[in-house]
């Protein structure tokens, strides 16, 4: 395997213009599979959610899940697509053991939705990503290859097949070539997938959890010399399954392509695997010849012909779309576009909203999620939502601060405790003994001691230099190991010294 | 007891309902007949003696309890081995399904059981319904009861032969290009291809999904109608199933008449390749229809000349995809799994050994026709021909109520005669294929024996989609007139074996 010495990102962009194509698969959250009545619930014993149809047994037939079609139309409408008046499913023929019929029931040249766009915000500016199509298809089963070095089928001793996933409805959303993103290509890619995920979630058609494989992204990338019209040869990086990875994959491929092209080499059209550990990609299967899927219209299914009345009804029932909602929240929360962009990029909008719904003030909710918690998520390399803390728990911490039971430092420790699995905020406060010392007697004693030990400073304060009180507050906080409410300590000091604050 | 096997299904049901005979007696009589003659005929691949008798006992118990019985309760039936049967092997005439026991019943089977029809067993067929002689079965050919050295037609030769040899009064077939009608024609029995979507395909192992249609086989028009009514009707498990009331086929069969009807004779189905005796009996039938009060008109359907070519692109294309699932991974035959071979190699070895020559030929044809770069020229053109054929039918049915033609150009040919000549074999379905491509309904019923070989000739009646009842109305009239003429049904002239 040859290792290509990467070109620096800046040098790559100086010489080449990146063109991207993003293909996102979304598993719909329907109760039953796309073509049969089997459950789609995750986590069941292998092969317990199967029937003759999703096992592809001889004689079985598919029947279209109406909710699946409805979800597809909603997605299409939210992506500003045209909705087909009449379209068919097609068979995509190829052999693979986890595909029960050895063809995938998909859509080919007649997608349910086509010609749309999705506006995304990048650095406070709007970038329009054009949508080629959104079509319906079914998922395959899941293979586990045992005994090989790579976990892939070649070299495996045996393979385990679980068909619970076979037939789960998928919507594949394909962009038109994304041009003009320039050096912002990685951010545009990430912003697009982020926006799409928000959109899917807001429609209620899928939870779109990337870590659960409910949303998967393939990144197609090519470079062309600056100023050229013709697209270069593309690579297809498969299964890039987090927002951060999308950005990294684009960045890596830009640098790799630039290195290959810069050395006078040519890019091979191939699929590549993305590696989370170091953000690199490696060559997968080289397509020796263009794969011929021998698509033809699925004769077992009647065409899908959504009436215009139904489509309009669905359009009328669409929820407030994420970008609109975000602009509303931005105003409500009093944020700049940039600040709101960071909130979106961090995947924090719903978390903050939920925290506010649990009673926290907006600024506090944002402070925690975008500060301490974002830092932790980043350190741990996980999505913000994956942190083991709930919006309700964050709201509870905010409430404890507000009532004076915690100060900022103690609140931080409480959150640390929750993240460490020590229980809810109240439990952590009790276990760690983090409550602010609010016992007036104990606090009074500490204040008296501090005044006695710092007579000179006390005199200055009595003489009117109120600013000097800080030193005494510090002494009291030290004595109480930080567990006092600093504001209250200050009040007590001034009170005891007979000075107005 | 021998006369029990010669009764019609309608008579049998009546006698069981009245208590004159029991369903068990009827079933035992047919099982005994199978035992006596099927070694010679080889119509059955599997006889479910115990299951049949258990079902028969249940029917008798129902009657004793005074429960109302359906119109075919207790009547035996032979099922083409293309329908899945829970707990009973289903081979589709192929080695590739060796050892597979389906975990579910086809909708047709479920409806038969619900109607208390006794399923005697599964009948022989060309592998995956690909053929016109039943010689392509992996389990050996079936003999034509009229002459055991000749073919019983195909692909449903097991079903037609079981009827003509009185092993059963009812059978189920499937018709993709003529596999119900052509076997009926060459065995002197009645077979109906209902309107596409009229009978559920759920549990019917697919050959060519857009053409396959299950239907009734019997020795009389009324029996076919009674069976038609049991198996037809909307099925939510089959997306292509028509959600409309089943045409009143039984009523039509009970009131056969052609008086005042306009009947078209398809001009294209005559000439070179048509046996003289077949044309003679067909022309006599047309005269008979005129005598019975029909207006006869010649109708030209020029696109029918291209039907065979279009069929041999569409059916193989769909089959190449439908049969991809037989990969040794989940069920059926598995060859070469010695621990050292890859899944891909095992799949290839299994398919090489498990499929017969005709199936392989069609998979290859279809794979080629669907290939990128060839799709438009082959599959695309064939679909255009299909549209033309539909239009020819539409135009024809603006002028006439039904069309008639010979069912098949020749009588039963000798076993082995066309086995090495696929084109000659394909020509047997020349007259039946247009109906499959257009999706409308057709029937074959006996109209005499060809003078030169004494073998049965079939008359085909073709009706518009969802006008299946017209087939029975015309068929019943012809049948009654011919019985009047001959003094007995034609099938009584079949050898007793």
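A few comments on the model shown:
- As a summary of the residue check, residue B:128 satisfies the conditions (1) part of a helix (DSSP H, G or I); (2) closer than 24 Å to residue B:6 by Cβ except for the one numbered (2).
- Of all residues in the stretch B:201-219, those satisfying the criterion of being buried (at least 24 other Cβ atoms within 10 Å of the Cβ) and either over 30 Å from residue B:167 (Cβ atoms) or away from every other protein chain (no Cβ under 12 Å) (or both) are B:213, B:215, B:216, B:217, B:218, B:219.
- Residue check for residue A:76: in contact with a strand residue (DSSP E or B) (Cβ under 9 Å, 6 or more places away or on another chain), within 14 Å of another protein chain (Cβ to nearest Cβ) and under 19 Å from residue A:318 (Cα atoms): no
- Applying the set (1) more than 14 Å from every other protein chain (Cβ to nearest Cβ); (2) in contact with a strand residue (DSSP E or B) (Cβ under 9 Å, 6 or more places away or on another chain) to residue B:276 leaves exactly one unmet item: (2).
- Residue in the stretch A:45-72 that is nearest to the other protein chains (Cβ to nearest Cβ), counting only those that are farther than 24 Å from residue A:90 by Cβ and surrounded by 14 or more Cβ atoms within 10 Å (Cβ to Cβ): A:47
- Contact annotation: residue pairs with Cβ atoms under 8 Å, 6 or more positions apart or on different chains, pairing a residue in the stretch A:380-395 that is without any contact (Cβ under 8 Å) to a residue 40 or more places away in the chain with a partner that is surrounded by fewer than 16 Cβ atoms within 10 Å (Cβ to Cβ) and in a loop (DSSP other than H, G, I, E, B), are A:388/A:421.
- Of all residues in the stretch A:154-163 being facing chain B (nearest Cβ under 10 Å) and in contact (Cβ under 8 Å) with a residue 24 or more places away in the chain, the one that is surrounded by the most Cβ atoms within 10 Å (Cβ to Cβ): A:163
- Filter pass, residue A:180 being under 28 Å from residue A:103 (Cβ atoms) and more than 14 Å from chain B (Cβ to nearest Cβ): no
- Pairs are defined by a Cβ separation below 8 Å, a sequence spacing of at least 6 or placement on different chains, a first member in the stretch A:290-314 that is more than 8 Å from chain B (Cβ to nearest Cβ) and at positive phi, and a second member that is surrounded by fewer than 15 Cβ atoms within 10 Å (Cβ to Cβ) and outside any loop (DSSP other than H, G, I, E, B); no pair meets this definition.
- Flag if residue B:140 is more than 14 Å from chain A (Cβ to nearest Cβ), outside any helix (DSSP H, G or I) and surrounded by fewer than 24 Cβ atoms within 10 Å (Cβ to Cβ): yes
- Residue check for residue B:427: in contact (Cβ under 8 Å) with a residue 24 or more places away in the chain and crowded, with 20+ Cβ neighbours inside 10 Å: no
- Consider the stretch B:330-341 and keep the residues that are touching a helix residue (DSSP H, G or I) at 6+ places or on another chain (Cβ under 7 Å) and within 11 Å of chain A (Cβ to nearest Cβ). The one that is nearest to residue B:366 (Cα to Cα) is B:332.
- Inside the stretch B:377-409, residues that are over 21 Å from residue B:288 (Cα atoms) and part of a loop (DSSP other than H, G, I, E, B) make up a count of 0.
- Just one of the numbered conditions (1) more than 14 Å from chain B (Cβ to nearest Cβ); (2) surrounded by fewer than 24 Cβ atoms within 10 Å (Cβ to Cβ) is not true of residue A:148: (1).
- Any hit, the stretch B:252-274, residues being within 30 Å of residue A:103 (Cβ to Cβ), touching a residue at least 12 places away in the same chain (Cβ under 8 Å), in a helix (DSSP H, G or I) and under 20 Å from the mean Cα position of the chain (by Cα): no
- Test: residue in the stretch A:310-320 that is in contact with a strand residue (DSSP E or B) (Cβ under 6 Å, 6 or more places away or on another chain), farther than 27 Å from residue A:393 by Cα and in a helix (DSSP H, G or I): yes
- Among the residues of the stretch B:146-169, those that are more than 28 Å from residue B:71 (Cα to Cα) and crowded, with 24+ Cβ neighbours inside 10 Å comprise B:146, B:151, B:152, B:153, B:154, B:155.
- Total residues in the stretch A:64-109 satisfying the condition of being assigned to a loop (DSSP other than H, G, I, E, B) and either within 30 Å of residue B:345 (Cα to Cα) or without any contact (Cβ under 8 Å) to a residue 60 or more places away in the chain (or both): the figure is 13.
- Residues being crowded, with 17+ Cβ neighbours inside 10 Å, touching a strand residue (DSSP E or B) at 6+ places or on another chain (Cβ under 8 Å) and under 22 Å from residue B:483 (Cα atoms) are entirely absent from the stretch B:228-235.
- One residue from A:7, A:24, A:19 being away from every other protein chain (no Cβ under 14 Å), surrounded by 19 or more Cβ atoms within 10 Å (Cβ to Cβ) and modelled with pLDDT under 95: A:7
- Check on residue B:418, at pLDDT below 95, touching a helix residue (DSSP H, G or I) at 6+ places or on another chain (Cβ under 7 Å), more than 14 Å from chain A (Cβ to nearest Cβ) and buried (at least 18 other Cβ atoms within 10 Å of the Cβ): yes
The values are calculated or read from the model by the stated rules, or taken from the named source; none is laboratory data. Since this is a predicted model, take the numbers as computed values, not measurements. Don't worry about glycine lacking a Cβ; one is built from the backbone with ideal geometry, like all the others, and counts go over all protein chains shown.
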